[in-house]
Amino acid sequence: MIRHLLGMHVPALGRSLKLPLTLGDLERPGFAAVPRLELVVGGALATPPASGPAASRYVALTFDDGPHPEGTPAVLDVLAQHGATASFFLVGEQVARYPGLAARIVAAGHTVGLHGYLHQLHQRRGAPAMAEDFQRGIAAIADATGITPRLHRPPYGIYSAASLRVARERQLQPLLWSKWGQDWRRVTTPEEIAGRVVRGLRAGDVILLHDADHYSAQGSHRRTAAALPAIMKALQSAALGTVRLA
Ligand SMILES: [Zn+2]
């Protein structure tokens with residue numbers, strides 16, 4: 001419910017705060033953190049014509065809320081089958097439970113970003129709590145993967161003034177999304193998830209999906225993994241590759 005209420009306003013809020021929703025936004029003045037992230041192209045899906053900026057030929061697949069013992073391996077398998085790269089926004093408390101899965105994401109060539117140590121709305125927490133949350137989350141990911149995350153996406157896509165300040169102080173690049181599958185829903189199907197992602201899909205879109213059901217409807221990650229092959233097929237038909245940000 002909270003996702004539904006808040007998520008509707010995320011794009012408008014994000015733009016007003018200069019938070020990137022698309023790959024193209026990352027090129028816009030004021031939207032990119034310093035140091036700037038690179039778009040890393042990889043895999044068999046990355047075969048569109050080699051001209052123009054990456055944002056005009058690629059989309060970014062992103063997965064929030066993991067790692068998850070069932071959902072993460074299932075998503076990694078489909079990505080590997082299609083040679084696609086993605087960015088995973090990990091939750092620190094889940095990384096602490098499943099450090100091997102976080103390491104597996106990195107070993108498979110994907111990017112890990114921070115989604116928080118706890119999966120809680122920032123508005124309910126003060127500045128000191130947010131600073132501690134970011135620090136714990138970064139440490140959990142670094143301990144498990146050897147990587148210090150540089151990408152950040154808050155739970156529900158909503159920053160507080162304090163949490164956005166902490167993110168910027170830590171030189172974390174915020175990244176929201178421009179397309180989503182609404183795959184957290186209790187009642188939906190893989191076909192509907194894929195349909196919401198690919199309808200009107202354009203180069204530069206950032207696609208939000210979830211490889212875990214820790215904070216959403218039980219078993220939702222199974223529908224996400226089942227939707228992925230159709231999403232990959234649509235990308236191939238549209239000659240769009242996948243990039244991760246690193
Ligand atoms: Zn989340």
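For the reader, a short list of remarks on this structure follows.
- Just one of the numbered conditions (1) open to solvent by 10 Å² or more (accessible area, probe 1.4 Å); (2) more than 15 Å from the ligand (Cβ to nearest atom) is not true of residue 130: (1).
- Residue satisfying all of: in region 144-155; of a type outside the set (Lys, Arg) and open to solvent by less than 40 Å² (accessible area, probe 1.4 Å); nearest to the ligand (Cβ to nearest atom) among these: 155
- Filtered by the rule that a residue be closer than 22 Å to residue 205 by Cβ and touching a Pro at 6+ places or on another chain (Cβ under 8 Å), region 91-110 gives a lone residue, 105.
- When residues of region 82-102 are limited to those that are assigned to a helix (DSSP H, G or I) and within 15 Å of the ligand (Cβ to nearest atom), the one surrounded by the fewest Cβ atoms within 10 Å (Cβ to Cβ): 93
- Residues satisfying the stated conditions in region 60-105, i.e. in contact with a Gly (Cβ under 7 Å, 6 or more places away or on another chain) and under 16 Å from residue 246 (Cα atoms): 84, 85, 87, 88, 89, 90
- Of all residue pairs spaced 6 or more apart or on separate chains, none has beta-carbon atoms under 6 Å together with a first member in region 114-143 that is free of Cβ contacts under 8 Å to residues at least 24 places away in the same chain and a second member that is open to solvent by less than 40 Å² (accessible area, probe 1.4 Å) and in a helix (DSSP H, G or I).
- Filter result for residue 178 (surrounded by fewer than 19 Cβ atoms within 10 Å (Cβ to Cβ) and closer than 25 Å to residue 109 by Cα): no
- Hits in region 195-215 - residues which are open to solvent by less than 10 Å² (accessible area, probe 1.4 Å) and assigned to a helix (DSSP H, G or I): 197
- The requirement of being within 21 Å of residue 101 (Cα to Cα), charged (D, E, K, R) and open to solvent by 20 Å² or more (accessible area, probe 1.4 Å) is not satisfied by residue 165.
- Selection count where residues are modelled with pLDDT of 95 or more, more than 16 Å from the ligand (Cβ to nearest atom) and assigned to a helix (DSSP H, G or I), scope region 50-79: 6
The values are calculated or read from the model by the stated rules, or taken from the named source; none is laboratory data. Computed from a predicted model, the values in this text were never measured in an experiment. Heads up, the Cβs are rebuilt from the backbone with ideal geometry, glycines too, and the neighbour counts pull from every protein chain shown. Calculation scope for accessible area: heavy atoms of the full protein, side chains included, ligands and nucleic acids excluded. Shrake-Rupley method; radii C 1.70, N 1.55, O 1.52, S 1.80 Å.
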